[in-house]
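The values are calculated or read from the model by the stated rules, or taken from the named source; none is laboratory data. Values in this document were obtained by computation on a predicted structure and should not be read as measured data. Here Cβ is always computed from backbone atoms with ideal geometry, including for glycine, and neighbour counts include all displayed protein chains. We work out accessible area using only protein heavy atoms, side chains counted, and drop any ligands, DNA or RNA first. Shrake-Rupley method; radii C 1.70, N 1.55, O 1.52, S 1.80 Å.
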Amino acid sequence: GWVLVSATLELCLLRMLYQRNKKLETKEVKDQPSSHGGFISGLQNTWHGWKSFMQHPVRDAGLGLALLYMTVLGFDNITWGFCILQGVSESVLGLLTGVSAVVGILGARIFPLLRSKLGLDKTGLLGFALLSGCLAVSVSSVWSPGSPFAPVSFLPENNHSHILSSSHDQVQPALNAENKAQEFENYEAGNTLRKSKIEETNSVLSYTSVTLLLIGIISGRFGLWISDLAVQQIFQENVAEEERGVLCGVQTGLQSGMDLLKFLLVIGLPHQHTFGILIIASFMFVSCGGLLFFKFSINRNKNESTQPLLQK
């Protein structure tokens with residue numbers, strides 16, 4: 001039912017958009033020679049597409065956006081499963097997913113205002129900076145109380161015989177049955193007290209790590225949507241119409257490749273004790289994406305490209 005309603009609303013909005021912009025109803029189609037070279041021709045076209053992408057001025061911005069796809073810091077099945085292992089209920093995760101969507105929509109709504117005030121490049125830099133800053137909170141969850149991060153040992157320690165090893169190794173004087181019984185009761189009472197204190201402490205602190213993780217993910221949606229829209233707008237303004245399909249196809253391939261790399265890392269590090277490594281790697285990829293966008297902005301300033309490459 002919801003899919004039908006959303007599809008109908010999308011069609012109505014597209015129809016309204018085309019009615020307000022008459023230029024969208026007509027498209028100038030240039031005659032291009034058709035190629036039927038089969039597999040070899042497809043490889044050549046793929047090579048030319050990647051070559052054009054790597055030589056285009058928007059390359060660094062596209063690479064920066066693609067690196068954002070190599071992350072587990074999102075509400076996908078990977079992070080969802082990890083949060084469930086940390087004791088977060090599915091109902092709470094569903095509610096937080098809706099909150100993250102609202103935060104993302106706020107970022108999309110404020111993007112036009114930021115662009116008019118700061119410009120497209122500075123808005124994109126702000127989006128990447130906000131995203132990295134928010135995800136730094138998620139990185140701090142790796143070493144927070146309640147974190148299962150233990151990359152060296154994948155299995156919990158089950159051998160506790162070392163606790164009383166010193167007393168076992170010493171020669172003790174003979175005790176009568178009454179003293180032995182009293183000593184055993186005191187030992188059991190002490191263990192019970194220690195266990196209750198540990199359980200009480202864990203009940204308070206066990207959610208600290210996963211809370212920081214979710215706070216970083218949810219707040220990062222604001223910067224993610226701003227940076228995503230900034231890069232998409234850069235492609236629209238700086239890529240010629242006849243090249244847009246090829247370059248956007250390469251961009252989609254890069255994003256899918258980063259997404260595939262994420263799943264390969266999850267397969268290689270499937271334990272919750274090593275999930276912290278995936279969090280740190282995700283933060284590094286996102287930060288590198290911001291640096292690439294920063295490089296793109298510097299190159300544009302050096303070339304004094306204050307206007308779009310395409311003069312329309």
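Within the range 262-287, can you find the residues that are aliphatic (A, V, I, L, M) and either under 13 Å from the mean Cα position of the chain (by Cα) or under 21 Å from SER147 (Cβ atoms) (or both)?
Taking the range 262-287 and keeping what is aliphatic (A, V, I, L, M), we get 264-267, 269, 277-281, 284, 286.
Those that are aliphatic (A, V, I, L, M) and either under 13 Å from the mean Cα position of the chain (by Cα) or under 21 Å from SER147 (Cβ atoms) (or both): LEU265, VAL266, LEU269, ILE277, LEU278, ILE279, ILE280, ALA281, MET284, VAL286.
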### Task
Taking the residues in the range 73-125 that are in a loop (DSSP other than H, G, I, E, B), in contact (Cβ under 8 Å) with a residue 40 or more places away in the chain and not small (Gly, Ala, Ser) as candidates, determine which candidate is surrounded by the most Cβ atoms within 10 Å (Cβ to Cβ).
LEU73
### Residue that is touching a Leu at 6+ places or on another chain (Cβ under 9 Å) and at pLDDT 95 or above, where the choices are ILE234, ILE279
ILE279
### Query
Which of the residues that make up the range 18-59 are open to solvent by less than 80 Å² (accessible area, probe 1.4 Å) and at pLDDT below 80?
ASN21, SER35, GLY37, GLY38, SER41, GLY42
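Of the residues LEU260, LEU264, LEU213, LEU278, which single one is closer than 30 Å to VAL88 by Cα and touching a Cys at 6+ places or on another chain (Cβ under 9 Å)?
Step by step, each of LEU260, LEU264, LEU213, LEU278 is checked, and only LEU213 is closer than 30 Å to VAL88 by Cα and touching a Cys at 6+ places or on another chain (Cβ under 9 Å).
Got a number for residues in the range 236-290 being outside any helix (DSSP H, G or I) and under 19 Å from TRP80 (Cα atoms)? Let's see the steps before the verdict.
Here is the first cut: in the range 236-290, the residues outside any helix (DSSP H, G or I) are 239-240, 269-271.
Checking the rest, the ones that are also under 19 Å from TRP80 (Cα atoms) come to 269-271.
The qualifying residues number 3.
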### Query
If you check every pair at least six apart or on different chains, which have Cβ atoms under 6 Å apart with a residue in the range 215-227 that is part of a helix (DSSP H, G or I) first and a residue that is surrounded by fewer than 24 Cβ atoms within 10 Å (Cβ to Cβ) and of a type in the set (Phe, Trp, Tyr) second?
ILE226/PHE111
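Among what's in the range 85-142 and is of a type in the set (Gly, Ala, Ser) and within 16 Å of SER209 (Cβ to Cβ), pick the residue that is modelled with the lowest pLDDT.
Step one: filter the range 85-142 for residues of a type in the set (Gly, Ala, Ser), giving 87, 89, 91, 94, 98, 100-101, 104, 107-108, 116, 119, 124, 127, 129, 132-133, 136, 138, 140-141.
Cutting the leftovers down to within 16 Å of SER209 (Cβ to Cβ) gives us 87, 136, 138, 140-141.
On the way: GLY87: 89, ALA136: 96, SER138: 95, SER140: 95, SER141: 93.
So, considering only residues that are of a type in the set (Gly, Ala, Ser) and within 16 Å of SER209 (Cβ to Cβ), the one modelled with the lowest pLDDT is GLY87.
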### Query
Which numbered condition trips up GLY62, out of (1) more than 24 Å from LEU214 (Cβ to Cβ); (2) open to solvent by 30 Å² or more (accessible area, probe 1.4 Å); (3) of a type outside the set (Phe, Trp, Tyr); (4) touching a helix residue (DSSP H, G or I) at 6+ places or on another chain (Cβ under 8 Å)?
(2)
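Just to be sure, is GLU237 open to solvent by 50 Å² or more (accessible area, probe 1.4 Å) and within 26 Å of GLY119 (Cα to Cα)?
The answer is no for GLU237.
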